[in-house]
Structures are given as structure tokens and as C-alpha cells.
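One structure is given here, and the rest of the page talks about it.
Derivation of every value follows stated rules applied to the coordinates shown; laboratory data play no part. Owing to the predicted nature of the structure, the values given are computational and were not obtained by experimental measurement. Cβ coordinates were reconstructed from backbone atoms using ideal geometry, including for glycine residues, and neighbour counts include every protein chain displayed.
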Amino acid sequence: MRTISRCTQSFTLLVIATFVLYFQAKAQSDGAGLYQKFCAQCHGADLSGGNASSLLDGIWQFGAENSYVIRNIKHGIAHLGMPSYERSMTDADIRAVVQYIRDAEADKGVVKPPTPEMVETMDYFIEVETFADDLEVPWSIDFIDPATALITERPGRLRVVKNGVMLPEPVNNTPKVLNEGQGGLLDVAVDPDYAQNGWIYLAYSHVLENQQGDRLPAMTRIVRGKIENHTWIDEELLFEAPPETYNTMRHHYGCRIVFDPWGYLYFAVGDRGRGFQAQDFTLPNGKVHRIHKDGRIPENNPFLYDEKAMKSLFSLGNRNIQGMAIHPGTGELWVTEHGPMGGDELNLIRAGKNYGWETITYGRNYNGTTITELTHIPGMEQPIFYWNPSLAVCGLDFYTGNLFTKWKNRLLVGALKYEEVRLLQIEEERVIHEQVIFKGAGRVRDVATGTDGAIYIVLNNPGKVVRLVPEKE
Ligand code: HEC
């Protein structure tokens with residue numbers, strides 16, 4: 001009797017196991033079937049397009065990496081008519097469809113189109129030159145003079161491009177950074193009075209080393225120093241958060257550094273993965289900070305009235321600023337900020353204001369759940385503009401050069417996910433026109449007007465910098 005029951009038990013287990021394996025295999029192999037059922041009517045039975053774009057042209061307008069493709073299928077792109085499959089497909093189904101698309105790409109030998117040598121916009125034919133190549137996650141570019149550019153590589157290297165040639169060795173002796181997740185060597189900024197004082201500013205992820213544990217707490221830190229004989233010297237610490245505010249998250253560090261015409265230095269610290277702390281003025285994260293160029297606290301900083309507040313704070317409620325620029329006419333600070341899904345923002349930052357994160361937002365969580373229903377609250381600022389779905393805005397600069405005269409004072413907005421640069425025309429405090437001027441060459445990490453008037457675009461992967469100039473007539 002006992003043996004029989006044991007026998008039945010094993011048999012039942014075997015049957016269950018077979019079924020599990022069968023369904024797993026079915027889920028894995030049925031990408032083609034799911035595609036025909038759900039996607040073919042718009043993207044074409046052979047994936048080459050129909051009502052909606054081809055999925056086999058190597059062009060991913062809304063993000064090329066699997067994580068983005070999966071997200072686009074799961075949550076849809078509502079305003080363009082791409083449905084959300086969150087309810088009708090499981091995550092395994094979606095992965096199977098994506099695998100089916102990837103296999104079809106491999107069969108057809110689809111390759112990502114090369115960086116274009118020429119792009120056409122409404123106003124200009126533009127030549128695209130490679131300015132620097134073979135970089136590892138370049139994060140930021142700034143210029144000492146028309147012949148000398150500085151580029152940060154996130155793993156912790158500061159590179160110099162001299163007369164169009166990148167020096168083979170990085171600058172010696174730059175600060176040790178925490179190169180993990182989104183952290184590392186982030187922004188580089190050249191002092192507006194560099195010719196007189198020689199200062200260069202760096203932002204990076206700094207780790208507390210005198211602590212226990214596998215993952216040491218980290219936070220954004222700002223220093224300045226000089227470069228002599230290709231070596232970083234005379235370093236001064238400008239901003240370091242109190243050690244108890246460091247945390248072990250490895251994302252949302254901010255950070256850009258800009259200077260306004262009155263000599264103030266602004267930088268941003270992202271929320272460090274703790275959105276609720278962005279409203280707490282005793283903490284550095286989720287905020288814009290303002291200091292003097294030597295690190296002193298300005299006497300008119302907006303939160304000095306409260307003893308508990310951090311004295312360097314300039315604004316609150318900023319999720320993760322990845323673009324900062326000073327308006328060439330007004331001297332005011334404009335920023336782009338990563339929202340959660342669907343809530344990337346362009347903000348005009350004013351002293352003491354609260355930009356709402358994470359109390360109000362236009363975005364949702366990446367898993368589709370709601371963070372908050374609130375988009376407006378008295379006492380919290382509205383963005384000047386927001387992007388839904390989000391482009392993953394990164395890098396920001398007003399065009400202030402003399403080569404693209406029609407674009408004077410327009411705003412260049414880079415985007416990681418959409419792999420593009422947009423040009424925004426701004427009138428007072430409104431965006432009145434937006435056009436994509438560059439796309440599809442890789443994730444855009446930074447955009448800058450060069451001292452020579454060209455537009456420089458820092459591409460994350462493949463790591464390089466391209467230089468845009470109008471085609472000669
Ligand atoms: C009702 C029509 C429709 C259906 C059905 C549909 N899509 Fe789409 N899809 C679109 C539209 C419209 C876009 C936006 C781009 C465009 O204009 O083609 C889009 C965009 C996409 C993108 C982003 C492409 C890029 O360039 O980044 C992916 C990925 C995608 N669809 C996959 C799918 C998959 C997989 C299915 C089936 C599960 C599916 N779509 C079903 C209409 C549709």
C-alpha cells in the first residue's frame with residue numbers, strides 16, 4: 001500500500017514537472033505565434049512594418065536596449081497608438097516576442113546604422129565629424145579654449161583633446177571615484193575665468209571608506225583643482241555631504257556643474273533612490289545646491305533662515321537632474337530632470353522653490369503602478385515642459401555659438417533612451433517649438449556649444465564625441 005502511494009506520488013510529480021517544462025518551453029518558443037496574434041496587424045506579418053514602423057530596420061526610436069523594448073511593449077506608447085500589453089501578455093510572453101524579434105534581426109543580419117556623416121534639419125544641412133573616439137562611458141565635455149577640450153569617462157578618467165587629437169593618457173592624479181551603477185566621474189566644468197585662475201571643477205561619486213560592509217555608502221562630491229604637466233593638482237574640496245546622509249544605493253547622483261553671470265556655482269544631487277527624501281531640507285539629495293566658486297555659502301541662499309536646513313540648498317524636490325544650463329539672456333538656471341516613466345521635466349529653477357518630487361509628478365513607476373495621482377499642488381512648481389513618454393533627458397545647453405546663427409539661444413536637449421538631441425525654442429518661460437536635430441547614433445549623455453561655435457554631442461555607447469558644423473555652401 002505504502003509503495004503504491006509513493007509510486008502515485010512520484011507519478012503525479014512527474015506529470016506536474018512535465019507540464020511545467022512543456023509550458024515553459026511553449027512560452028519560450030511561442031514568440032512567433034504571439035507576434036502574429038498581437039503585433040502583425042500593425043508591424044507587418046514579416047516584421048517589416050505596416051501601419052506602424054518596421055521592427056527590422058535597426059532603428060529603435062524609443063530605445064534600443066531590451067529593457068526599453070520590453071517596457072515599450074508592456075506599457076505601450078499611448079499617444080502614438082502603440083497599445084499596452086500589460087494585461088494581455090505575461091512578462092515571459094513579452095520576453096518571448098522580443099526574442100523572436102531579435103532572432104529575426106539576426107537572421108536578416110540587421111545592424112545598427114552607422115553614425116551619419118550628414119544630417120538634415122529644417123534650418124541646416126549639418127556635417128557630423130568624429131571628435132573623440134574609443135571612450136568608455138564618456139559623461140561630460142567642456143572647453144578650456146577653442147583648441148582644448150576636457151572629457152570625463154565615468155570609470156574615473158579625465159581626458160584631454162588638444163587640436164583635435166585625444167592625448168593617449170588620462171590626466172594623472174584625479175580623485176578616486178566609486179565606479180558602480182550610475183556612479184563614477186561625472187561632470188567636468190571649466191571656470192568662466194579660467195584664463196585668470198586656472199580652476200577646473202569635477203563632480204563624482206564618493207564613497208565612505210572607513211565603514212564596514214560590502215556596499216559602502218556613497219554620495220555626490222564636488223572639488224576643484226588645476227591641471228599642470230598633465231597632472232591634477234591644488235585640489236580643493238567644495239562640497240561634501242555629512243557622512244550620515246550617504247547611502248548604499250548606486251543610482252541618481254545628479255550631477256552637473258554650471259556658473260551664473262554673478263559667479264555662483266550650481267550643482268544638483270539626485271534623490272539617490274530615495275524619492276521621499278527630496279522634500280527633506282536637512283538632506284542633500286533630490287536638490288539643487290548653490291555655492292560660491294570657492295565653496296563658501298552665499299549669504300542670500302534661500303534656506304538660511306532655518307537652522308536644520310542644509311545651507312547650500314537652492315531648490316527642493318528634484319528627482320535626478322542630468323542637464324543644467326544658464327540662460328544666456330537672463331542668467332537663470334534651467335535644468336532637465338529624469339522623471340519616472342513618463343515624467344521627464346524641463347524646469348526653470350528659482351531660489352527656494354519646491355519642484356514637487358515625489359509628491360507630484362506626471363510619471364508612473366516603471367512597473368506601471370501609480371506613484372501619486374497628483375500633478376499639481378499649491379506651493380509646488382510646475383515644469384516648463386514635460387515629456388511623456390520620457391526620453392531619458394540627459395545633457396543640456398543653450399546654443400550660444402556663431403556657426404548656427406538661426407539657433408542662437410535655443411536649448412539643446414540630449415536624450416539617452418531615445419538616442420537623440422532636440423532643439424527647443426523658448427519664448428519667455430514657454431517652449432514654443434521642438435525639433436529633433438540628431439538621432440540614432442547612440443545614447444546621448446551630454447550636449448555642449450563649443451568655444452568654436454560647433455555643437456558637441458557626447459555618445460555613451462559606442463563611447464565617442466561627435467562635432468556638428470553647418471555644411472559649407
Ligand atoms: C495598433 C497598432 C499596433 C499594434 C497592434 C502593435 N504596435 Fe507596436 N507600435 C505601434 C506604433 C504606432 C508605434 C510607434 C512607432 C510607429 O509609428 O510605428 C509602435 C512602436 C513599437 C515599438 C517601439 C519601436 C521603436 O522604434 O522604438 C515596439 C518595440 C513595438 N511597437 C513592438 C510591438 C509589439 C511586440 C507588438 C505586439 C505585442 C506591437 N508593437 C503591437 C503600433 C502598434
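Listing for the model above:
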item	result
Straight-distance crosslink candidates among lysines, where the alpha carbon sits under 19 Å from Lys112 and sequence neighbours closer than 8 are dropped	Lys417, Lys439, Lys464
Estimated dipole of the chain in Debye, rounded to 20 [Cβ of Lys and Arg +1, of Asp and Glu -1, Cα centre]	1520
Segment 213-229 - phi-based ³J(HN,Hα) in whole Hz, Karplus 6.51/-1.76/1.60, Gly and Pro as x	x, 6, 10, 7, x, 9, 7, 6, 9, 10, 10, 10, x, 10, 10, 9, 6
Additional length obtainable on full extension of the chain from Lys162 to Ile59, 0.36 nm per residue less Cα span	33.7 nm
Pairs beyond 32 Å (Cα-Cα), from Lys176/Lys287; Lys176/Lys293; Lys176/Lys353; Lys108/Lys162	Lys176/Lys353; Lys108/Lys162
Helix 66-75 vs. the chain, principal-axis angle (Cα, 0 to 90°, nearest 10)	70
Anisotropy class of segment 118-470 from Cα gyration tensor, a/c 1.5 cut	rounded
Ascending count of other beta-carbon atoms within 10 Å, so fewest first, for Lys311, Lys472	Lys472, Lys311
Contact order normalised by residue count of the chain, Cα under 8 Å, 6+ apart, percent	12
Positive-end extreme of charge dipole, the chain - chosen from Cys42, Leu185, Gln382 (charges on Cβ)	Cys42
Stretchable slack from Lys108 to Thr330, in nm (0.36 nm times residue separation minus alpha-carbon distance)	74.7 nm
Alpha carbon centroid spacing (whole Å) that separates segment 419-473 from segment 69-110	29
Cα-centre dipole for segment 152-206 with unit charges at Cβ (Lys and Arg positive, Asp and Glu negative), debye to 20	180
Whether segment 324-473 is rounded, prolate or oblate, judged on the alpha carbon gyration tensor where a/c under 1.5 counts as rounded	oblate
Of Gly414, Pro170, Asn66, farthest towards positive along the dipole that unit charges on Lys, Arg, Asp, Glu beta carbons give the chain	Asn66
In degrees, nearest ten, helix 2-29 long axis to first principal axis of the chain (Cα)	50
Loop-resident sites, segment 39-97, for trypsin sites (Lys or Arg not before Pro), counting at most 13 other Cβ within 10 Å (DSSP)	Arg87
Sorted by Cβ density within 10 Å, fewest first, the residues Glu65, Glu105	Glu65, Glu105
Separation of alpha-carbon centers, segment 51-68 and segment 326-341, rounded to whole Å	29
